[in-house]
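Shown next, in structure tokens, is the structure this report addresses.
The values are calculated or read from the model by the stated rules, or taken from the named source; none is laboratory data. Quick caveat, the model's predicted, so the values are computed rather than measured. Please note: Cβ atoms are built from the backbone with ideal geometry, for glycine as well, and neighbour counts cover all protein chains shown. Keep in mind that these areas ignore ligands, DNA and RNA; they rest on the heavy atoms of the full protein, side chains included. Shrake-Rupley method; radii C 1.70, N 1.55, O 1.52, S 1.80 Å.
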2 protein chains.
Amino acid sequence: MSRAVRISVIGAGSAQFSLGLVKDLCLTESLAGSHVCFMDISQERLEMIRNLAVRYRGELGANISFESTSDRRAALQDADFIINTAYVKGHRYARAVRELTAKHGYYYGGVNLGDFYQLKLMLDVARDMEEICPDAWLIQSGNPVFDGCTLMARETGIKVCGLCHGHYGCYEIARMIGIEHPERMAWQAPGLNHNIWLTHFIYDGEDAYPLIDQWIEARAEEYWRTHVATHTHDVQMSRGAVHQYRMYGLFPVGDTVRRGGWWYHTDLETKKRWFGEPWGGPDTELARPIYVENLEKRIAEMTRLANDPKASLVEVLGKSKTREHQVAIIDGLANDHEGQFQVNVPNRGALAGVPDDVVVEVPAVVNKKGIQTIHVGGLPPKIMVEQILPDWLDMERSLLAFKTGDRSMLLWNALESHQTRSYDQGMAALEDLLAMDDNREMADHFKFPSRL
Amino acid sequence: MSRAVRISVIGAGSAQFSLGLVKDLCLTESLAGSHVCFMDISQERLEMIRNLAVRYRGELGANISFESTSDRRAALQDADFIINTAYVKGHRYARAVRELTAKHGYYYGGVNLGDFYQLKLMLDVARDMEEICPDAWLIQSGNPVFDGCTLMARETGIKVCGLCHGHYGCYEIARMIGIEHPERMAWQAPGLNHNIWLTHFIYDGEDAYPLIDQWIEARAEEYWRTHVATHTHDVQMSRGAVHQYRMYGLFPVGDTVRRGGWWYHTDLETKKRWFGEPWGGPDTELARPIYVENLEKRIAEMTRLANDPKASLVEVLGKSKTREHQVAIIDGLANDHEGQFQVNVPNRGALAGVPDDVVVEVPAVVNKKGIQTIHVGGLPPKIMVEQILPDWLDMERSLLAFKTGDRSMLLWNALESHQTRSYDQGMAALEDLLAMDDNREMADHFKFPSRL
């Protein structure tokens, strides 16, 4: 017998995400009777989402109920699953930070302030869950997944699972190298979130890496010369990705490609060299506005649909499931409809060489028993010492800074940026960032341990 | 009953070191009858050392015998202790490397090639020891102590102990803050070699840190304004040292001060700001030639003495023991004359949070039973995540690069330099360095895993 569940979505105002969830729920029969609570601080968005959700359900005749609230703690009441997609500070804030660092000589960001607001929200939600719905699962979708999930798993007793789209990059690789039946592919790409590496890549029972090598040999140069990105994040087969593959012997997957070394990211020209035309990857002054504009266009379209009661939502949204895994994972946990998913959960031995209490991104079998990681063994030593372990230390520093409120750790971070040219520059940029109105709470939290 | 021992000194041509050893041996009665084998590739130096050693012994009427050889394996025969002080490539090589990187836009070095020649020599010696004198102790004095001792301890079964002068910085601190009886001081400064932190500092049973704080409060500014370094390495109480203390809450000791972040080292002016006049610390284009010149002057003086059979060596060299610990440690191991020393040995739990097979610098009790580390507990989390663990990863990368001969790891190193401004600059500097005549063996060893 299948079980209906109660799901709460924190930060439900992200129209695309919430409607995707509604679709997947309406199209998952075993979750019939389930209840979704949308939570956001924007009443306007909540009403829009609820309007669209109710109508979509109605058109399909599905049995899912909805409510909405701007009270975060109320949203946790009786929940079986919490999906946290919230971004405390929006794109405008990120842009203001970039503009301010630019004044200090940084290209596109450059000073990592450590996600204070996101970490604080995540920990607040997790602590509330401990109190209100201690047996619920938290599915964390908002970034930073790696830092945030590790923090929540360490500081609270709740069950945490982070999800990210990055691993879909495997299918992009497959498409490019001519794999026609991705359903006959098997792969593993373990690591840390945004730092995952294709250790296994099998097609029809055969190693598919030679197909990648053939593509590089025969077609890569032409692709790099002629390809125009079809979306801002279209970098999976970029020169930068192949360069990392040549350095490490394993292909980097998804957001891993965007990371790499600082030297891929010094300026627009360099970005284009590694990540192609026309934007140089997603993290440039050209790409970001387009990405944000597209999000806004989608919100505008949703708003239009919400205001047009005659519009057919099934026509617009379709009635096939999304590629998101949230609902399938919920169905696995609630109804034992077992599946294998790429998850971010505390390591406990799944990925060799990473401490047990660090959240790793690995495949897991999900069923009624829970989320059971597949012990994938280790990554090559070179990837460990140049990519995984330095990233782990970044995370540890980020969490220690967050917990201690030690401003000199933010300074150290600013100084460690490869764009920082002097102590005074790093210090000035940091102090200016902390003087932003939007960073007042952060400035209160972070104090120097002594006069420097 | 005391036991005579056989000691071999690899790289004995360093006159100051070898004569210090001779002095300490001649002045340690319990080691009477011991035998020293000087090994070096320079016959001329060997003869000079032997001449001076024999005469000094004669003047004191001590019972120590000497031989010399340029055959490294022969030197290991029947040895109880090997002291490795060798530098494969001299100061001229280091200078040529600096001049070449300067052409690529680097200030004073900037590209870390990873000590290939030193590591190779150390491992060769350790492997020969395994075969020829497997029960002997290796006392490693040449750098890199941290990387080299970890490598030898991991790759061979010999007993390794690294020594360094850095911890004497504690006495420099004591002197500056007005401690009149350093013999009544107790302190601990554990960590990794060149990365040690004053966790305990007791004078007459009281915490002496307040004396440091008082010095900083009352006298530091004047000291920084007026002090002129008395020797190139006179940086223990520099502004840079105090800045690190303010960042971390523990005082950095000895060479730790020279390390710190890249931002202390960007150019001469910056170096002077942090490490004072007139040289900006030991690692500048002003200080290094003076340091090297002083070494050469000492060699010249030794040569003069060697050529003047009438000179009284006791008059010149004195007859009190040096501050070196080699002979005292040997006496402890051979004759159970127990002492406590700052050593570099595999961790095995002595310093919390560092893997067991990594060589740490900690105090140890040395007696006939062996070198027994004192389990000092841990360093503060901030020092761990910003100083100790990143340094540990640097070492792991250095050893992995050495073992695999992967040139892209050298490239990564070059790129990770905070002085590198672009991928092409790092690559060009690396390739030019590997094209040096003096680096031919290294260039043969390091190959790219694939075309980049």
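Conditions tested, residue by residue: (1) outside any helix (DSSP H, G or I); (2) buried (at least 16 other Cβ atoms within 10 Å of the Cβ); (3) without any contact (Cβ under 8 Å) to a residue 60 or more places away in the chain; (4) not β-branched (Val, Ile, Thr).
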residue: A:55; (1), (2), (3), (4): no, yes, no, yes
residue: A:67; (1), (2), (3), (4): yes, no, yes, yes
residue: A:101; (1), (2), (3), (4): no, yes, no, no
residue: A:123; (1), (2), (3), (4): no, yes, yes, yes
residue: A:128; (1), (2), (3), (4): no, yes, yes, yes
residue: A:134; (1), (2), (3), (4): yes, no, yes, yes
residue: A:138; (1), (2), (3), (4): yes, yes, yes, yes
residue: A:147; (1), (2), (3), (4): no, yes, no, yes
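Name the one entry in A:221, A:217, A:172 that is within 21 Å of residue A:362 (Cβ to Cβ) and in a helix (DSSP H, G or I). After ruling out the rest, the residue left standing is A:172. Filtered by the rule that a residue be more than 20 Å from the chain's Cα centre (by Cα) and either modelled with pLDDT under 95 or open to solvent by less than 40 Å² (accessible area, probe 1.4 Å) (or both), the range A:352-364 gives a lone residue, A:354. Take the conditions (1) of a type outside the set (S, T, N, Q); (2) under 30 Å from residue B:413 (Cβ atoms); (3) open to solvent by less than 30 Å² (accessible area, probe 1.4 Å); residue A:229 misses just one of them, which is (2).
Those residues that are closer than 21 Å to residue B:76 by Cα and either surrounded by fewer than 17 Cβ atoms within 10 Å (Cβ to Cβ) or in contact with a helix residue (DSSP H, G or I) (Cβ under 7 Å, 6 or more places away or on another chain) (or both), I need them from the range B:25-35; list them, please. Show your work before the answer.
Filtering the range B:25-35 for residues closer than 21 Å to residue B:76 by Cα gives B:25, B:31-35.
Passing the criteria: B:25, B:31, B:32, B:33, B:34.
Here's the yes/no breakdown for (1) touching a helix residue (DSSP H, G or I) at 6+ places or on another chain (Cβ under 6 Å); (2) polar (S, T, N, Q):
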residue: A:101; (1), (2): yes, yes
residue: A:114; (1), (2): yes, no
residue: A:120; (1), (2): no, no
residue: A:132; (1), (2): yes, no
residue: A:139; (1), (2): yes, no
residue: A:154; (1), (2): no, no
residue: A:166; (1), (2): yes, no
residue: A:170; (1), (2): no, no
residue: A:178; (1), (2): no, no
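Report whether or not residue B:327 is under 20 Å from the mean Cα position of the chain (by Cα) and at pLDDT below 95. It is false that residue B:327 is under 20 Å from the mean Cα position of the chain (by Cα) and at pLDDT below 95.
Identify, from the list B:400, B:415, B:393, B:452, the residue that is touching a residue at least 24 places away in the same chain (Cβ under 8 Å) and among the hydrophobic types (A, V, I, L, M, F, W, C). Show your work before the answer.
Details: B:400 fails: touching a residue at least 24 places away in the same chain (Cβ under 8 Å); B:415 fails: touching a residue at least 24 places away in the same chain (Cβ under 8 Å); B:393 fails: touching a residue at least 24 places away in the same chain (Cβ under 8 Å).
Just one listed residue meets the conditions, B:452.
On the basis of being of a type outside the set (Val, Ile, Thr), assigned to a loop (DSSP other than H, G, I, E, B) and open to solvent by less than 10 Å² (accessible area, probe 1.4 Å), does residue A:142 make the cut? So residue A:142 fits the description; yes.
Residue by residue through the range A:149-166, note down the ones that are open to solvent by 20 Å² or more (accessible area, probe 1.4 Å) and either farther than 18 Å from residue A:403 by Cβ or among the hydroxyl-bearing types (Ser, Thr, Tyr) (or both).
Here is the first cut: in the range A:149-166, the residues open to solvent by 20 Å² or more (accessible area, probe 1.4 Å) are A:153-155, A:157, A:159, A:164-165.
Across the range A:149-166, the qualifying residues are A:159, A:164, A:165.
Here residue A:36 meets each of (1) among the aliphatic types (A, V, I, L, M); (2) in contact with a Gly (Cβ under 9 Å, 6 or more places away or on another chain); (3) closer than 27 Å to residue A:370 by Cβ with one exception, condition (2). Of the residues making up the range B:244-291, those that are at negative phi, over 23 Å from the mean Cα position of the chain (by Cα) and open to solvent by 10 Å² or more (accessible area, probe 1.4 Å) are B:246, B:248, B:266, B:267, B:268, B:269, B:270, B:272, B:273, B:277, B:278. Beta carbons closer than 6 Å, at least 6 apart along the sequence or on distinct chains, pair a first residue in the range A:244-271 that is farther than 23 Å from residue A:112 by Cβ with a second that is outside any helix (DSSP H, G or I) and open to solvent by 40 Å² or more (accessible area, probe 1.4 Å) for A:246/B:450; A:246/B:452. Inclusion of residue B:50 among residues that are open to solvent by 50 Å² or more (accessible area, probe 1.4 Å), of a type in the set (Lys, Arg) and without any contact (Cβ under 8 Å) to a residue 60 or more places away in the chain is warranted.
Among the residues of the range A:320-337, just one is in contact with a strand residue (DSSP E or B) (Cβ under 8 Å, 6 or more places away or on another chain) and exposed (fewer than 15 other Cβ atoms within 10 Å of the Cβ), namely A:336. Can you tell me which residue is farthest from residue B:409 (Cα to Cα) among those in the range A:234-260 that are part of a loop (DSSP other than H, G, I, E, B) and modelled with pLDDT of 95 or more? Checking each candidate, the answer is A:234. Every condition in (1) in a loop (DSSP other than H, G, I, E, B); (2) β-branched (Val, Ile, Thr); (3) modelled with pLDDT of 95 or more is met by residue B:111 except one, and the failing one is (3).
Residues that are touching a residue at least 24 places away in the same chain (Cβ under 8 Å) and charged (D, E, K, R) do not occur anywhere in the range B:197-215. For residues that are among the aromatic types (Phe, Trp, Tyr) and within 30 Å of residue B:395 (Cα to Cα), scanning just the range B:171-220, find the one that is surrounded by the fewest Cβ atoms within 10 Å (Cβ to Cβ). Among those that are among the aromatic types (Phe, Trp, Tyr) and within 30 Å of residue B:395 (Cα to Cα), it is B:171.
Comparison of B:335, B:307 shows that the only residue that is away from chain A (no Cβ under 14 Å), within 26 Å of residue B:140 (Cα to Cα) and polar (S, T, N, Q) is B:335. Filtering the range B:278-336 to residues that are part of a helix (DSSP H, G or I), in contact with a helix residue (DSSP H, G or I) (Cβ under 8 Å, 6 or more places away or on another chain) and β-branched (Val, Ile, Thr) leaves B:292, B:299, B:303, B:314, B:316, B:327, B:330.
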